[in-house]
Amino acid sequence: MFISTLLNAVDEVQRLSSHFELVLKRLENLEKDNQRLKVKNAELSTKTLKLEKSNLVLVEKLEKMNKSIKTIMNLNPTIAGKERDDVRLKSGKRLLIGGGKNATGQVGFTAVLTHDLTLGPLQTLEYDKVHTNIGNGYDARHGYFTVPVSGLYIVSATSCSGASQGVRTEIVRNGIQLAALYGDDYDLASHTIVVSLEQNDEVWVRHFAEGTSTVHAGGNRYYSSFSGVLIAAF
């Protein structure tokens with residue numbers, strides 16, 4: 001009986017010993033896991049600090065960018081003004097270098113018809129008396145205005161029809177119609193346009209109807225005229 005009890009006690013001790021060893025192993029594993037977690041936590045803390053520093057750097061850069069943008073916006077009117085001045089200076093240099101007789105860049109002409117003129121198809125209306133010819137662009141010998149300076153122009157033409165007949169004329173640039181005029185029985189046909197012209201473009205007035213028509217001059221009243229003026233150089 002005693003031996004049996006003793007054997008049972010030994011078995012229980014062995015069982016408890018095995019269980020204790022198992023518990024110790026689990027504790028060791030938990031300790032290892034805890035150490036690994038501590039290491040990971042330390043790594044995460046380090047990464048968090050780095051991210052916080054990076055965030056601070058980005059915030060500083062954004063603040064600097066905002067300051068730069070505000071500075072540029074404040075300076076923009078001045079810059080725009082300088083650019084306009086540069087453009088004006090360059091335009092002035094172009095005019096002074098290439099202007100020849102027209103170094104100031106001013107262009108304007110007016111010519112009138114002093115006698116009645118019978119025109120055939122596409123014949124040029126040669127306004128023979130020149131009142132104004134700044135820039136020397138208008139040639140009274142042929143009735144052509146040759147553009148001396150590229151820019152925006154006002155061009156105007158008037159043609160007076162004769163008795164009991166109609167007159168059809170047109171303002172053309174390099175042979176292409178810009179505007180058409182029609183008058184009938186001493187009617188003053190007139191047209192004024194604003195047009196962009198390039199240097200050396202040719203502008204003139206011509207008859208565009210089939211057959212013939214007579215443009216009335218009106219003696220020294222100068223009913224028929226042709227004018228142009230530069231309002232803005234390019």
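What follows draws every value from the coordinates through simple rules; no lab data is involved. Only a predicted model underlies this, so the values are computations on that prediction, with no experimental measurement involved. Because the Cβ atoms are built from the backbone with ideal geometry, glycine has one as well, and the counts that use them run over all protein chains shown.
Tabulated results
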read-out: Residues Ser159, Ser150, Ser213 arranged by fewest to most Cβ contacts within 10 Å; value: Ser150, Ser213, Ser159
read-out: Difference of contour (0.36 nm per residue) and Cα-Cα distance, Val229 to Thr192; value: 12.2 nm
read-out: Cα→Cβ-extended label distance, 7 Å offset, between Leu152 and His131, nm; value: 2.5
read-out: Qualifying trypsin sites (Lys or Arg not before Pro) in segment 138-234, DSSP loop, other Cβ atoms within 10 Å at most 12; value: Arg141
read-out: Extension reserve of the Arg36-Thr48 stretch, reckoned as 0.36 nm per residue once the Cα distance is removed; value: 2.5 nm
read-out: Cα pair count fraction exceeding 19 Å, expressed as % - segment 105-233; value: 41
read-out: Under 14 Å from the Leu178 label point (7 Å along Cα→beta-carbon), backbone N, segment 129-172; value: 137-139, 144-158, 170-172
read-out: Average silhouette area of segment 158-208, convex hull of alpha-carbon atoms, in square nanometres; value: 3.3
